[in-house]
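Below is one structure. I have some questions about it.
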Amino acid sequence: PANLHQIRFDRKDQVARRERATCLLRFTNGDEIWGTLVSLDGQALELETWFAGRLRAPRDTVRSLTFLPKGFAITYEGPTSLEGWSVAPTSEAWRYRDGAFTTTTIGSLGRNVNLPRLSKVEFDMTWTGQLSLIFSLYTDSVDRFDFNSSCYMFSIGPGYINLQRIQAGRGSTHLGQAQVASLNLKNSVHLELRTDCEQAMISLFADGTLVQQWKDPLGFVGQGTGISFYSQRIGPALGISNLKVSDWNGKLEDNSPAPTNTTGQVVKLVNNDKVMGTVHTIQDGKVSLSTGQTKLEVPLPRVTQIIMAGDSADGPPVERGAIRAHFADGGIVSLQLAAWNEQGVAGRNRNFGQITLKPEWIQQIQFNLGRTNAVGGGLESLGDDWPSFDE
């Protein structure tokens, strides 16, 4: 185990388990769990989970609670394989390995991801050499690169992202350019596109910061519900990972880091207001808090997020021998591993105590959490000599 960094399992038949979840809980040790909040008081938090039923954690282990809008759904999250994706002009144009799509040549990669009318599409992108990628949104041509499909096409290059409206039979129209400095200064970025079809608005975020908004003066023209990536160069390596497509609530919430120079908490509301104070309880559909001498009770449907401790706050030290298990639904649970066999994966979790997981739930495990991975998760492993169990 001292020589292991991670193991990824082939779970093609695995399905996400967050259908009934009402919130995402993040903990100070890095755990992330989709579940249903039962209550929060001065000592502990209780939540209902799909993998272990009702769990209880000390209050001071909770970093944040993010509440999901009603009807929230994730239509795609991955990648876990090339299954369901169309690759052209040959099946070798894009490859899948270690949770990422990679390419070193010209070719397209597309899929119908059932984009909703209010959507959020986000992914991590890494590259070597000069960046040159076209990303198509709301396209019905997922099996090829096609200027005859009515969609929106983003040309991504060093320091910029251009947006074009593509209309079948009418050609393309340039809608504007966004300057994204990180595309010129680094070789990785997290991109996020939020689209309101009714308003014909597309908002671009880079590494969590809003950098551009476009409004199509002719109204929304996208005719499909798919996405596609088209690499335009031979030689430089390109990787796409952590791709997620989901519903969006239509709000451009503030993604700035939460203030951490206070002894209280931050409650974010649906109208983007923030209340700073002390959260006492969450129960009976209300958040009870105080700010100064004022006591408030806020209905839970008005709350989008509660930050108990900022991201810069120190978490507990990594326990020697701890592993981190990743579920297909995006959840993360760390364990001081006691046993792993066909019956279960058992161990002690810092937040919840002793728990047991079924092996088939786990998509990936990480070892040696306190150490830096010598190989890395970028494009260093794209060479043809990198060993693979399926070759």
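The values are calculated or read from the model by the stated rules, or taken from the named source; none is laboratory data. The structure displayed is predicted, hence computed values, not measured ones. Positions of Cβ are backbone-derived with ideal geometry, glycine not excepted, and every protein chain shown enters the neighbour counts. All accessible areas refer to the heavy atoms of the entire protein, side chains included, with ligands and DNA or RNA removed. Shrake-Rupley method; radii C 1.70, N 1.55, O 1.52, S 1.80 Å.
Can you tell me, using C-alpha contacts under 8 Å and at least 6 residues apart, the relative contact order of the range 122-263 as a whole percent?
After rounding, I find 31 percent.
How large is the charge dipole for the range 34-116, taken about the Cα centre, if only the Cβ atoms of Lys, Arg (+1) and Asp, Glu (-1) carry charge, to the nearest 20 debye?
With Lys and Arg at +1 and Asp and Glu at -1, about 80 debye.
Using the basic label-point model (7 angstrom from Cα toward the beta carbon), what is the LYS186 to GLU319 distance in nanometres?
Between LYS186 and GLU319, the label points sit 3.2 nm apart.
Could you grab the relative contact order for the chain? Cα pairs under 8 Å, six or more apart, rounded to a whole percent.
Relative contact order here is 20 percent.
On to the next question. Please compute the contact order of the range 19-121 in relative form: average sequence separation of alpha-carbon pairs under 8 Å and at least six residues apart, divided by the residue count, as a percent.
Computed value for the range 19-121: 19 percent relative contact order.
Another one. Using +1 at the C-beta of Lys and Arg and -1 at the C-beta of Asp and Glu, which of ALA338, LEU163, PRO69 has the Cα lying farthest in the positive direction of the dipole of the chain?
Checked the options; the winner is PRO69.
What is the local net charge at THR195, summed over the other residues whose Cβ is closer than 9 Å to its Cβ (Lys, Arg +1; Asp, Glu -1)?
Result for the neighbourhood of THR195: +2.
Amide H to amide H under 5 Å from THR75: which residues, 5+ apart in sequence or cross-chain, H placed 1.01 Å off N in plane?
Amide H to amide H, under 5 Å and 5 or more residues apart or across chains, THR75 pairs with VAL245, SER246, ASP247.
What percentage of all Cα-Cα pairs in the range 1-150 are separated by more than 28 Å?
The calculated P(r) of the range 1-150 puts 40 percent of pairs beyond 28 Å.
On to the next question. Of (i) 38, 26, 24; (ii) 36, 28, 18; (iii) 40, 23, 20, which one was derived for semi-axes √(5λ) of the Cα gyration tensor in Å from the structure shown?
Entry (ii).
Okay, next question. What pairs from LYS70/LYS274; LYS251/LYS295; LYS186/LYS358; LYS120/LYS274; LYS251/LYS286; LYS120/LYS186 go past 31 Å between their alpha carbons?
Listed pairs above 31 Å: LYS186/LYS358.
Hey, can you find the accessible area per residue of the chain for me, probe 1.4 Å, expressed in square angstrom?
That works out to 49 Å² for each residue.
For the range 154-295, I need the span (max minus min coordinate) of the C-alpha atoms along each principal axis, in Å, sorted largest to smallest.
63, 35, 23
Further, regarding this structure: Per DSSP H run of n ≥ 4, the term is -39500 (n - 2.57); total these for the chain, divide by its residue number, and report the mean residue ellipticity at 222 nm rounded to 500 deg cm²/dmol.
Rounded to the nearest 500, the figure is 0 deg cm²/dmol.
If you don't mind, there's one more thing I want to ask. If Lys and Arg each add +1 and Asp and Glu each add -1, what is the summed charge of the other residues whose beta carbon sits under 12 Å from the beta carbon of GLY370?
Once all neighbours under 12 Å are counted, the net charge is +2.
With charges only on Cβ, +1 for K and R and -1 for D and E, what is the dipole size of the chain about its Cα centre, in debye, rounded to 20?
700 debye
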